[in-house]
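The values are calculated or read from the model by the stated rules, or taken from the named source; none is laboratory data. Just so it is clear, the structure is predicted and the values come from calculations on it, not from any experiment. Here Cβ is always computed from backbone atoms with ideal geometry, including for glycine, and neighbour counts include all displayed protein chains. Remember, those area values only see protein heavy atoms, side chains included, never the ligands or the DNA or RNA. Shrake-Rupley method; radii C 1.70, N 1.55, O 1.52, S 1.80 Å.
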Amino acid sequence: MTAPAAHPEVKGWCPGALRPMLSGDGWVVRLRARGGRLTAAQAAGIARLAKTCGNGVLDLSQRANLQLRGVREDRIAALTEGLDALGLLDPDPAAEARRNVTVTPFWAEGDGTAALAAALEAALTAATDLALPGKFGFAVDTGPAPVLSETPADIRLERGPFGLILRPDGATTGKLVTPATAVAEALGLARWFLASGGAPAGRGRMAAHLAHAALPAGFDAPAAPAAPAPAPGARPQGALVALAFGQTDAQTLAALATGPIRLTPWRMLLLEGRAAPDLPGLISGPADPRLRVVACTGAPGCPQALAPTRALARAVAADLPPGALLHISGCAKGCALARPAPTLTATSQGWTFIRHGTAGDPGTPVPPGLPLTSLLQSLIPDAAPV
(Lines give C-alpha, C1' and ligand atoms only; values in the text may rest on other atoms or scores of the structure.)
Protein backbone atom coordinates (compact mmCIF):
# COMPACT_ATOMS: atom_id res chain seq x y z
CA MET A 1 0.00 0.00 0.00
CA THR A 2 1.23 3.48 -0.87
CA ALA A 3 1.98 5.64 2.16
CA PRO A 4 -0.33 8.62 2.59
CA ALA A 5 0.99 11.96 1.39
CA ALA A 6 1.97 14.66 3.86
CA HIS A 7 -0.28 17.06 1.93
CA PRO A 8 -3.67 15.40 1.42
CA GLU A 9 -5.42 15.50 -1.92
CA VAL A 10 -8.48 17.76 -2.05
CA LYS A 11 -10.81 16.12 -4.55
CA GLY A 12 -13.46 18.86 -4.58
CA TRP A 13 -16.33 16.36 -4.67
CA CYS A 14 -18.00 13.87 -2.35
CA PRO A 15 -18.85 10.23 -3.01
CA GLY A 16 -22.40 9.25 -3.85
CA ALA A 17 -24.46 6.16 -4.48
CA LEU A 18 -23.76 6.42 -8.22
CA ARG A 19 -20.21 7.74 -7.85
CA PRO A 20 -18.38 5.71 -5.19
CA MET A 21 -14.98 6.78 -3.89
CA LEU A 22 -12.11 4.39 -3.25
CA SER A 23 -10.82 4.53 0.33
CA GLY A 24 -8.39 2.55 2.44
CA ASP A 25 -10.95 -0.10 3.38
CA GLY A 26 -12.67 -0.43 0.00
CA TRP A 27 -15.21 1.68 -1.85
CA VAL A 28 -17.30 4.27 0.01
CA VAL A 29 -20.90 4.69 -1.14
CA ARG A 30 -22.76 7.72 0.25
CA LEU A 31 -26.56 7.84 0.37
CA ARG A 32 -28.54 11.09 0.26
CA ALA A 33 -31.86 10.10 1.79
CA ARG A 34 -34.75 12.13 0.40
CA GLY A 35 -35.95 14.60 2.97
CA GLY A 36 -33.21 13.35 5.32
CA ARG A 37 -35.48 10.42 6.25
CA LEU A 38 -35.38 6.66 5.85
CA THR A 39 -38.42 4.43 6.07
CA ALA A 40 -38.14 1.30 8.20
CA ALA A 41 -37.90 -0.81 5.04
CA GLN A 42 -35.12 1.37 3.63
CA ALA A 43 -33.13 1.24 6.86
CA ALA A 44 -33.45 -2.55 7.03
CA GLY A 45 -32.46 -2.86 3.37
CA ILE A 46 -29.39 -0.65 3.83
CA ALA A 47 -28.31 -2.74 6.82
CA ARG A 48 -28.61 -5.90 4.74
CA LEU A 49 -26.66 -4.41 1.81
CA ALA A 50 -23.95 -3.07 4.14
CA LYS A 51 -23.28 -6.64 5.28
CA THR A 52 -23.55 -8.41 1.93
CA CYS A 53 -21.74 -5.83 -0.22
CA GLY A 54 -19.46 -4.03 2.26
CA ASN A 55 -17.73 -4.55 5.58
CA GLY A 56 -20.86 -3.76 7.60
CA VAL A 57 -19.57 -0.38 8.82
CA LEU A 58 -21.69 2.76 8.30
CA ASP A 59 -20.79 6.41 8.88
CA LEU A 60 -23.09 9.40 9.33
CA SER A 61 -21.60 12.51 7.71
CA GLN A 62 -21.76 16.15 8.78
CA ARG A 63 -24.32 16.70 5.98
CA ALA A 64 -26.61 13.98 7.33
CA ASN A 65 -25.64 11.45 4.65
CA LEU A 66 -25.19 7.76 5.39
CA GLN A 67 -22.03 6.07 4.10
CA LEU A 68 -21.53 2.37 3.47
CA ARG A 69 -17.86 1.47 3.91
CA GLY A 70 -15.66 -1.33 2.66
CA VAL A 71 -17.75 -2.03 -0.43
CA ARG A 72 -16.06 -4.66 -2.59
CA GLU A 73 -15.58 -3.79 -6.24
CA ASP A 74 -17.23 -7.00 -7.40
CA ARG A 75 -20.33 -6.12 -5.32
CA ILE A 76 -20.88 -2.54 -6.55
CA ALA A 77 -23.37 -3.65 -9.22
CA ALA A 78 -25.36 -5.70 -6.69
CA LEU A 79 -25.33 -2.79 -4.26
CA THR A 80 -26.58 -0.38 -6.93
CA GLU A 81 -29.39 -2.77 -7.83
CA GLY A 82 -30.36 -3.13 -4.18
CA LEU A 83 -30.37 0.62 -3.55
CA ASP A 84 -32.46 1.18 -6.66
CA ALA A 85 -35.04 -1.31 -5.39
CA LEU A 86 -35.22 0.68 -2.14
CA GLY A 87 -35.87 3.94 -4.02
CA LEU A 88 -32.56 5.48 -2.98
CA LEU A 89 -30.99 6.26 -6.36
CA ASP A 90 -31.08 9.36 -8.54
CA PRO A 91 -31.44 9.32 -12.34
CA ASP A 92 -27.70 9.91 -12.87
CA PRO A 93 -24.56 11.04 -10.97
CA ALA A 94 -25.02 14.70 -11.98
CA ALA A 95 -28.56 14.81 -10.57
CA GLU A 96 -27.33 13.09 -7.42
CA ALA A 97 -24.62 15.71 -6.97
CA ARG A 98 -27.08 18.60 -7.42
CA ARG A 99 -29.56 17.12 -4.94
CA ASN A 100 -27.39 18.09 -2.01
CA VAL A 101 -29.99 19.08 0.59
CA THR A 102 -29.80 18.89 4.40
CA VAL A 103 -33.15 18.98 6.21
CA THR A 104 -33.80 19.84 9.85
CA PRO A 105 -34.89 16.73 11.73
CA PHE A 106 -37.17 18.79 13.99
CA TRP A 107 -40.08 19.21 11.61
CA ALA A 108 -43.67 18.34 12.38
CA GLU A 109 -46.44 17.10 10.14
CA GLY A 110 -48.11 20.05 8.46
CA ASP A 111 -45.39 22.65 9.12
CA GLY A 112 -44.39 22.67 5.45
CA THR A 113 -40.81 21.44 5.89
CA ALA A 114 -41.23 18.00 4.29
CA ALA A 115 -43.14 19.43 1.33
CA LEU A 116 -40.59 22.21 0.82
CA ALA A 117 -37.67 19.77 0.95
CA ALA A 118 -39.37 17.44 -1.55
CA ALA A 119 -40.08 20.32 -3.94
CA LEU A 120 -36.49 21.59 -3.72
CA GLU A 121 -35.05 18.13 -4.32
CA ALA A 122 -37.32 17.60 -7.34
CA ALA A 123 -36.36 20.97 -8.80
CA LEU A 124 -32.65 20.30 -8.33
CA THR A 125 -32.99 16.89 -9.98
CA ALA A 126 -34.67 18.51 -12.99
CA ALA A 127 -32.22 21.47 -13.24
CA THR A 128 -29.86 19.86 -15.74
CA ASP A 129 -28.39 23.27 -16.66
CA LEU A 130 -27.24 23.97 -13.08
CA ALA A 131 -23.52 23.09 -12.96
CA LEU A 132 -22.84 23.70 -9.26
CA PRO A 133 -19.56 22.85 -7.50
CA GLY A 134 -19.44 19.36 -6.04
CA LYS A 135 -19.67 20.50 -2.41
CA PHE A 136 -22.31 23.21 -2.97
CA GLY A 137 -25.37 22.48 -0.87
CA PHE A 138 -28.77 23.62 0.39
CA ALA A 139 -30.37 23.55 3.84
CA VAL A 140 -34.10 23.40 4.61
CA ASP A 141 -34.05 24.67 8.18
CA THR A 142 -37.72 25.53 8.67
CA GLY A 143 -38.51 23.91 12.00
CA PRO A 144 -39.38 25.93 15.12
CA ALA A 145 -35.90 27.55 15.12
CA PRO A 146 -32.85 27.33 12.82
CA VAL A 147 -30.58 24.49 13.97
CA LEU A 148 -28.37 23.97 10.89
CA SER A 149 -26.30 27.16 11.12
CA GLU A 150 -23.08 25.20 11.75
CA THR A 151 -23.92 22.62 9.06
CA PRO A 152 -22.18 23.15 5.70
CA ALA A 153 -24.67 24.69 3.24
CA ASP A 154 -24.55 27.55 0.75
CA ILE A 155 -28.21 28.42 0.34
CA ARG A 156 -30.52 28.24 3.36
CA LEU A 157 -34.29 28.30 3.71
CA GLU A 158 -35.17 29.31 7.28
CA ARG A 159 -38.14 30.50 9.30
CA GLY A 160 -37.39 34.13 10.20
CA PRO A 161 -39.21 36.51 12.54
CA PHE A 162 -41.49 37.68 9.70
CA GLY A 163 -41.88 34.47 7.73
CA LEU A 164 -39.93 32.19 5.45
CA ILE A 165 -36.59 33.60 4.28
CA LEU A 166 -33.97 32.61 1.74
CA ARG A 167 -30.53 33.27 3.24
CA PRO A 168 -27.19 32.88 1.46
CA ASP A 169 -24.52 31.40 3.70
CA GLY A 170 -22.29 34.17 4.98
CA ALA A 171 -25.09 36.76 5.03
CA THR A 172 -26.83 37.85 8.23
CA THR A 173 -30.08 38.67 6.43
CA GLY A 174 -32.20 37.00 3.80
CA LYS A 175 -35.02 37.50 1.32
CA LEU A 176 -38.65 37.00 2.27
CA VAL A 177 -40.21 34.16 0.24
CA THR A 178 -43.35 32.05 0.41
CA PRO A 179 -43.80 28.28 0.19
CA ALA A 180 -44.91 28.83 -3.40
CA THR A 181 -41.86 30.92 -4.42
CA ALA A 182 -39.11 29.53 -2.17
CA VAL A 183 -37.80 26.83 -4.52
CA ALA A 184 -37.65 29.05 -7.61
CA GLU A 185 -35.94 31.76 -5.58
CA ALA A 186 -33.39 29.28 -4.20
CA LEU A 187 -32.48 28.06 -7.68
CA GLY A 188 -32.35 31.67 -8.85
CA LEU A 189 -29.84 32.45 -6.13
CA ALA A 190 -27.76 29.46 -7.18
CA ARG A 191 -27.75 30.73 -10.77
CA TRP A 192 -26.76 34.21 -9.55
CA PHE A 193 -23.83 32.60 -7.68
CA LEU A 194 -22.59 30.99 -10.90
CA ALA A 195 -23.24 34.01 -13.14
CA SER A 196 -21.48 36.41 -10.76
CA GLY A 197 -18.28 34.34 -10.70
CA GLY A 198 -18.77 32.24 -7.57
CA ALA A 199 -17.15 29.15 -9.08
CA PRO A 200 -14.53 30.33 -11.60
CA ALA A 201 -12.75 26.98 -11.81
CA GLY A 202 -15.68 24.73 -11.01
CA ARG A 203 -15.16 25.14 -7.27
CA GLY A 204 -16.40 27.75 -4.85
CA ARG A 205 -18.65 28.38 -1.85
CA MET A 206 -21.25 31.06 -1.19
CA ALA A 207 -19.74 32.54 1.98
CA ALA A 208 -16.36 33.04 0.32
CA HIS A 209 -18.03 34.59 -2.72
CA LEU A 210 -19.97 37.10 -0.60
CA ALA A 211 -16.69 38.42 0.81
CA HIS A 212 -16.24 40.28 -2.49
CA ALA A 213 -19.61 40.16 -4.27
CA ALA A 214 -22.72 42.21 -3.46
CA LEU A 215 -26.04 40.35 -3.34
CA PRO A 216 -28.96 41.41 -5.52
CA ALA A 217 -31.55 43.71 -3.95
CA GLY A 218 -34.11 42.30 -1.56
CA PHE A 219 -31.92 40.34 0.85
CA ASP A 220 -32.65 42.52 3.86
CA ALA A 221 -35.07 40.44 5.96
CA PRO A 222 -33.79 39.58 9.45
CA ALA A 223 -32.90 36.02 10.30
CA ALA A 224 -34.01 34.26 13.47
CA PRO A 225 -31.38 33.54 16.15
CA ALA A 226 -29.79 30.15 15.68
CA ALA A 227 -30.50 27.46 18.24
CA PRO A 228 -27.56 25.59 19.80
CA ALA A 229 -26.64 22.14 18.55
CA PRO A 230 -28.88 19.59 20.28
CA ALA A 231 -27.88 16.87 22.72
CA PRO A 232 -29.17 13.31 22.68
CA GLY A 233 -32.43 12.77 24.49
CA ALA A 234 -36.20 12.72 24.12
CA ARG A 235 -37.75 15.10 21.59
CA PRO A 236 -41.37 15.73 20.58
CA GLN A 237 -40.62 13.85 17.35
CA GLY A 238 -39.00 10.83 19.09
CA ALA A 239 -35.65 9.83 20.54
CA LEU A 240 -32.48 11.60 19.42
CA VAL A 241 -29.57 9.16 19.75
CA ALA A 242 -25.92 9.76 18.91
CA LEU A 243 -23.52 7.38 17.21
CA ALA A 244 -20.13 7.15 18.88
CA PHE A 245 -17.82 9.16 16.61
CA GLY A 246 -20.48 9.05 13.90
CA GLN A 247 -20.08 5.36 13.18
CA THR A 248 -22.34 2.35 13.56
CA ASP A 249 -22.73 -1.11 12.07
CA ALA A 250 -25.26 -3.05 10.05
CA GLN A 251 -26.50 -5.00 13.06
CA THR A 252 -27.34 -1.83 14.99
CA LEU A 253 -29.06 -0.20 12.01
CA ALA A 254 -31.13 -3.34 11.49
CA ALA A 255 -32.18 -3.25 15.15
CA LEU A 256 -33.25 0.39 14.75
CA ALA A 257 -35.31 -0.33 11.65
CA THR A 258 -38.62 -0.64 13.50
CA GLY A 259 -39.86 2.73 12.26
CA PRO A 260 -38.79 5.79 10.24
CA ILE A 261 -35.37 7.30 10.99
CA ARG A 262 -34.39 10.93 10.41
CA LEU A 263 -30.70 11.53 9.70
CA THR A 264 -28.99 14.54 11.26
CA PRO A 265 -25.71 16.42 10.65
CA TRP A 266 -24.63 15.97 14.29
CA ARG A 267 -23.84 12.24 13.97
CA MET A 268 -27.22 11.52 15.54
CA LEU A 269 -30.36 9.71 14.46
CA LEU A 270 -33.89 10.73 15.33
CA LEU A 271 -36.05 7.65 15.86
CA GLU A 272 -39.56 8.80 14.99
CA GLY A 273 -42.15 8.17 17.70
CA ARG A 274 -39.94 5.86 19.73
CA ALA A 275 -37.86 5.76 22.88
CA ALA A 276 -34.12 5.17 22.72
CA PRO A 277 -33.21 1.47 22.76
CA ASP A 278 -30.30 0.14 24.81
CA LEU A 279 -27.84 -0.87 22.11
CA PRO A 280 -24.01 -0.90 22.05
CA GLY A 281 -22.55 2.20 20.37
CA LEU A 282 -25.69 4.31 20.85
CA ILE A 283 -25.54 7.38 23.09
CA SER A 284 -28.93 8.34 24.50
CA GLY A 285 -27.99 11.05 27.02
CA PRO A 286 -25.94 14.27 27.04
CA ALA A 287 -23.38 13.22 29.68
CA ASP A 288 -21.53 10.57 27.66
CA PRO A 289 -17.85 11.66 27.32
CA ARG A 290 -17.69 10.39 23.74
CA LEU A 291 -19.77 13.41 22.75
CA ARG A 292 -16.75 15.59 23.57
CA VAL A 293 -14.70 14.25 20.65
CA VAL A 294 -15.19 14.52 16.90
CA ALA A 295 -12.98 12.11 14.97
CA CYS A 296 -12.68 11.26 11.28
CA THR A 297 -12.24 7.74 9.91
CA GLY A 298 -8.45 7.93 10.23
CA ALA A 299 -5.97 5.26 9.21
CA PRO A 300 -6.17 2.65 7.82
CA GLY A 301 -9.74 3.27 6.60
CA CYS A 302 -8.81 6.55 4.91
CA PRO A 303 -5.78 6.36 2.58
CA GLN A 304 -4.92 10.02 3.25
CA ALA A 305 -4.87 9.71 7.03
CA LEU A 306 -1.46 9.72 8.69
CA ALA A 307 -2.56 8.01 11.93
CA PRO A 308 -5.49 6.15 13.50
CA THR A 309 -8.00 8.52 15.13
CA ARG A 310 -10.93 6.73 16.73
CA ALA A 311 -8.92 4.57 19.13
CA LEU A 312 -7.26 7.76 20.35
CA ALA A 313 -10.68 9.44 20.61
CA ARG A 314 -11.94 6.66 22.87
CA ALA A 315 -8.78 6.82 24.97
CA VAL A 316 -8.92 10.55 25.71
CA ALA A 317 -12.68 11.25 25.78
CA ALA A 318 -13.22 10.63 29.49
CA ASP A 319 -10.22 12.81 30.43
CA LEU A 320 -11.42 15.93 28.62
CA PRO A 321 -12.82 18.72 30.78
CA PRO A 322 -16.64 18.85 30.90
CA GLY A 323 -18.01 21.18 28.24
CA ALA A 324 -14.92 20.93 26.04
CA LEU A 325 -14.84 19.70 22.45
CA LEU A 326 -11.83 18.08 20.80
CA HIS A 327 -11.45 17.47 17.06
CA ILE A 328 -9.06 14.65 16.08
CA SER A 329 -8.14 14.66 12.39
CA GLY A 330 -6.05 12.11 10.53
CA CYS A 331 -4.82 14.77 8.09
CA ALA A 332 -4.97 18.49 7.41
CA LYS A 333 -8.26 18.30 5.46
CA GLY A 334 -10.37 18.10 8.64
CA CYS A 335 -13.29 16.27 7.01
CA ALA A 336 -15.05 15.56 10.31
CA LEU A 337 -15.34 19.18 11.47
CA ALA A 338 -15.09 22.33 9.35
CA ARG A 339 -15.46 24.96 12.08
CA PRO A 340 -12.66 26.01 14.48
CA ALA A 341 -12.18 23.97 17.66
CA PRO A 342 -9.33 22.58 19.76
CA THR A 343 -7.80 20.18 17.24
CA LEU A 344 -5.24 17.39 17.11
CA THR A 345 -3.99 16.86 13.56
CA ALA A 346 -1.85 13.91 12.49
CA THR A 347 1.24 14.86 10.48
CA SER A 348 4.13 12.93 9.01
CA GLN A 349 6.14 13.86 12.15
CA GLY A 350 3.45 12.99 14.72
CA TRP A 351 0.62 15.04 16.18
CA THR A 352 0.10 18.81 16.12
CA PHE A 353 -2.20 20.59 18.57
CA ILE A 354 -4.17 23.65 17.40
CA ARG A 355 -5.58 25.47 20.41
CA HIS A 356 -8.56 26.83 18.46
CA GLY A 357 -8.65 26.39 14.71
CA THR A 358 -9.18 23.92 11.89
CA ALA A 359 -7.11 20.86 11.06
CA GLY A 360 -4.97 22.66 8.50
CA ASP A 361 -4.03 25.61 10.70
CA PRO A 362 -0.57 26.01 12.23
CA GLY A 363 -0.19 24.42 15.64
CA THR A 364 2.23 23.21 18.27
CA PRO A 365 3.96 19.86 17.64
CA VAL A 366 3.27 17.35 20.41
CA PRO A 367 6.58 15.95 21.72
CA PRO A 368 6.87 12.16 21.38
CA GLY A 369 6.03 10.40 24.62
CA LEU A 370 4.08 13.31 26.11
CA PRO A 371 0.81 11.97 27.55
CA LEU A 372 -1.92 13.51 25.43
CA THR A 373 -4.40 13.56 28.30
CA SER A 374 -2.10 15.84 30.30
CA LEU A 375 -1.60 18.12 27.33
CA LEU A 376 -5.29 18.38 26.58
CA GLN A 377 -6.35 18.96 30.18
CA SER A 378 -3.93 21.84 30.42
CA LEU A 379 -4.79 23.52 27.14
CA ILE A 380 -8.46 22.90 26.33
CA PRO A 381 -10.12 24.78 29.22
CA ASP A 382 -9.01 28.05 27.60
CA ALA A 383 -10.35 27.05 24.21
CA ALA A 384 -13.84 27.08 22.74
CA PRO A 385 -16.48 24.92 24.44
CA VAL A 386 -18.90 22.62 22.67
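Brief remarks on what is shown
- Note on residue 335: accessible area approximately 80 square angstrom, rounded to 10, probe 1.4 Å, nucleic acids and ligands left out.
- Taking each residue as 0.36 nm, the span from residue 229 to residue 184 lengthens on full extension beyond its C-alpha to C-alpha distance by 13.3 nm.
- Site pair residue 338 and residue 145 shows an inter-label distance of 2.3 nm when each label is modelled 7 Å from Cα along Cα→Cβ.
- Listed residues 157, 89, 312, most fluctuating in the chain (Gaussian network, C-alpha, under 10 Å): 312
- 222 nm mean residue ellipticity, helices alone, for the chain (DSSP H n ≥ 4; -39,500 (n - 2.57); rounded to 500): -6500 deg cm²/dmol
- Cα gyration tensor of segment 103-235 - equivalent ellipsoid semi-axes, whole Å, descending: 24, 16, 15
- Label-to-label distance for residue 347 and residue 364 is 1.4 nm, based on points extended 7 Å past Cα in the beta-carbon direction.
- Carbon + sulfur, % of accessible area of segment 55-197 - ligands and nucleic acids excluded, 1.4 Å: 58
- Put a dot 7 Å past the Cα of residue 212, heading toward its Cβ, do the same for residue 191, and the two dots end up 2.6 nm apart.
- For segment 262-353: relative contact order, % (alpha-carbon pairs under 8 angstrom, 6 or more apart): 22
- Percent RCO, i.e. relative contact order, over the chain, from Cα pairs under 8 Å lying at least 6 residues apart: 16
- Accessible area (Å², 1.4 Å probe, nearest 10) - residue 140: 0
- Whole-Å distance, taken between Cα centres, linking segment 159-204 and segment 65-122: 22
- Fluctuation leader among 76, 165, 328 - the chain, Gaussian network, Cα springs under 10 angstrom: 76
- Per the Debye formula on identical point scatterers at the alpha carbon atoms of the chain, with no solvent, log10 I(q)/I(0) at q = 0.06, 0.08, 0.12, 0.13 Å⁻¹ is -0.22, -0.41, -0.97, -1.15.
- Using C-alpha pairs under 8 Å with a sequence gap of at least 6, the mean separation divided by the residue count of segment 106-264 gives a relative contact order of 22 percent.
- Residue 353 - accessible surface, heavy atoms, 1.4 Å probe, Å² rounded to 10: 10
- For the chain: accessible area per residue (Å², 1.4 Å): 42
- Contour excess over end-to-end distance, with Cα ends at residue 118 and residue 130 and 0.36 nm allotted per residue: 2.5 nm
- GNM result for the chain, Cα springs below 10 Å: residue of 159, 203, 69 fluctuating most strongly: 203
- Residue 201-residue 92 FRET efficiency (beta carbon distance; Förster radius 25 Å; 0.05 resolution): 0.60
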